[in-house]
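Asker: Provided herewith is a single structure, encoded as structure tokens, for subsequent inquiry.
The values are calculated or read from the model by the stated rules, or taken from the named source; none is laboratory data. Computed from a predicted model, the values in this text were never measured in an experiment. Here the Cβ positions follow ideal geometry from the backbone for every residue, glycine too, while neighbour counts run over all protein chains shown. Areas reflect the complete protein model, heavy atoms only, side chains present, ligands, DNA and RNA absent. Shrake-Rupley method; radii C 1.70, N 1.55, O 1.52, S 1.80 Å.
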Amino acid sequence: MSVYKTLLDDKIAEQVKSLGDLAIVTGRGASNDRAEILVKECRSEERSEFEALLASLNSELNKYELGRLTNLFGDCGHVFANRRTSMYLQMQDEFNELKTLVEMRNQFEDFDDNSINYSKWEELVRNEEEISKIFQDMVRVQGEIINVLLSGKNVNSEEVNNLLKEAQEIKNKLGEATEKASSIRVSLIST
């Protein structure tokens with residue numbers, strides 16, 4: 001039994017390290033090789049053009065620029081949000097593995113899951129899920145704004161203003177969620 005407990009303790013420590021590594025990369029707004037292989041980035045010149053056109057949405061883009069933005073949105077618009085989702089899903093998988101190991105280890109009376117900050121890891125994974133959803137919402141609203149403008153509406157139209165208001169609310173939610181995740185991450189990584 002002693003060897004089995006030690007084996008589980010070692011596996012749990014490995015899982016916590018894996019979660020920590022993912023948390024650090026995700027916290028930097030980056031992604032790992034797995035996410036980058038799954039979600040391909042558009043070419044750098046397309047990324048630059050996309051970012052420039054997206055930043056210029058408030059100034060009346062002509063039909064050609066809006067059409068170009070629509071095409072680039074298809075290639076570049078979802079990359080960061082999808083990579084963030086991939087990072088969250090990886091964290092969720094690693095946490096589920098940790099959960100299984102903790103359940104196995106809890107069969108022995110001498111284990112305290114507070115020693116690995118289990119509940120904090122669970123909170124971080126839930127928060128990363130929320131961030132992932134918020135990123136996807138932001139991309140959805142960006143696409144809707146582009147489509148409304150492409151349909152001939154003015155940047156000052158009620159539809160665009162409502163979408164811009166929604167985008168600002170999403171941006172605020174994203175700021176709050178990432179700040180919360182950062183706080184949780186700092187408490188986990190510093191222990």
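Asker: For residue 119 and residue 34, what is the calculated FRET efficiency with R₀ set at 30 Å and r taken between the beta-carbons, to the nearest 0.05?
Answerer: 0.70
Asker: Separate question: Separation of segment 1-55 and segment 84-128 by C-alpha centroid, Å?
Answerer: Taking the Cα centre of each part, segment 1-55 and segment 84-128 sit 16 Å apart.
Asker: Got a number for carbon plus sulfur as a percent of segment 112-159's accessible area, 1.4 Å probe?
Answerer: Carbon and sulfur atoms account for 43 percent of the accessible area of segment 112-159.
Asker: While we're here: Given the alpha-carbon gyration tensor of segment 70-128, what are the semi-axes of its equivalent ellipsoid in whole angstrom, ordered largest first, with each equal to the square root of 5 times an eigenvalue?
Answerer: Semi-axis lengths for segment 70-128 are 36, 10, 5 Å.
Asker: Taking +1 at the Cβ of each Lys and Arg and -1 at the Cβ of each Asp and Glu, which of 4, 39, 50 sits farthest along the dipole of segment 1-149 towards its positive end, judged by Cα position relative to the Cα centre?
Answerer: Farthest towards the positive pole: 50.
Asker: What does the accessible area per residue of segment 119-176 come to in Å², with a 1.4 Å probe and no ligands, DNA or RNA counted?
Answerer: 54
Asker: Which of 38, 19, 150 ends up with the largest GNM mean-square fluctuation for the chain, with Cα atoms connected below 10 Å?
Answerer: In this elastic network of the chain, the residue with the biggest mean-square fluctuation among 38, 19, 150 is 38.
Asker: Let me ask you something else. For a test of understanding, tell me how many lysine pairs in the chain have Cα atoms under 16 Å apart, given they are 8 or more places apart or on different chains.
Answerer: 12
Asker: Could you give the dipole magnitude of the chain about its Cα centre, charging the beta-carbon of Lys and Arg +1 and that of Asp and Glu -1, in debye to the nearest 20?
Answerer: Charge dipole, the chain, about its Cα centre: 360 debye, nearest 20.
Asker: For a quick check of your reading of the filter: which GluC sites (Glu not before Pro) in segment 12-49 sit in a DSSP loop and have no more than 16 other Cβ atoms within 10 Å?
Answerer: 41
Asker: What does the accessible area per residue of segment 53-108 come to in Å², with a 1.4 Å probe and no ligands, DNA or RNA counted?
Answerer: Result: 50 Å² per residue.
Asker: Output the Kirkwood hydrodynamic radius of segment 84-191, Cα pairs only, in Å rounded to one decimal.
Answerer: That comes to 16.3 Å for segment 84-191.
Asker: Compute the whole-percent fraction of alpha carbon pairs in the chain spaced more than 24 Å apart.
Answerer: 51
Asker: Given the options 124, 22, 163, which has the most mean-square fluctuation in a GNM of the chain, springs set between C-alpha atoms less than 10 angstrom apart?
Answerer: Comparing 124, 22, 163 in the GNM, the peak value goes to 163.
Asker: A follow-up question, please. Going by average Cβ density within 10 Å per residue, which order do the peptides 24-32, 133-141 take, highest to lowest?
Answerer: Descending mean neighbour count gives 133-141, 24-32.
Asker: Give me the percent of Cα-Cα pairs in segment 6-72 that sit more than 15 Å apart, rounded to a whole number.
Answerer: Looking at segment 6-72, the distances longer than 15 Å represent 69 percent of pairs.
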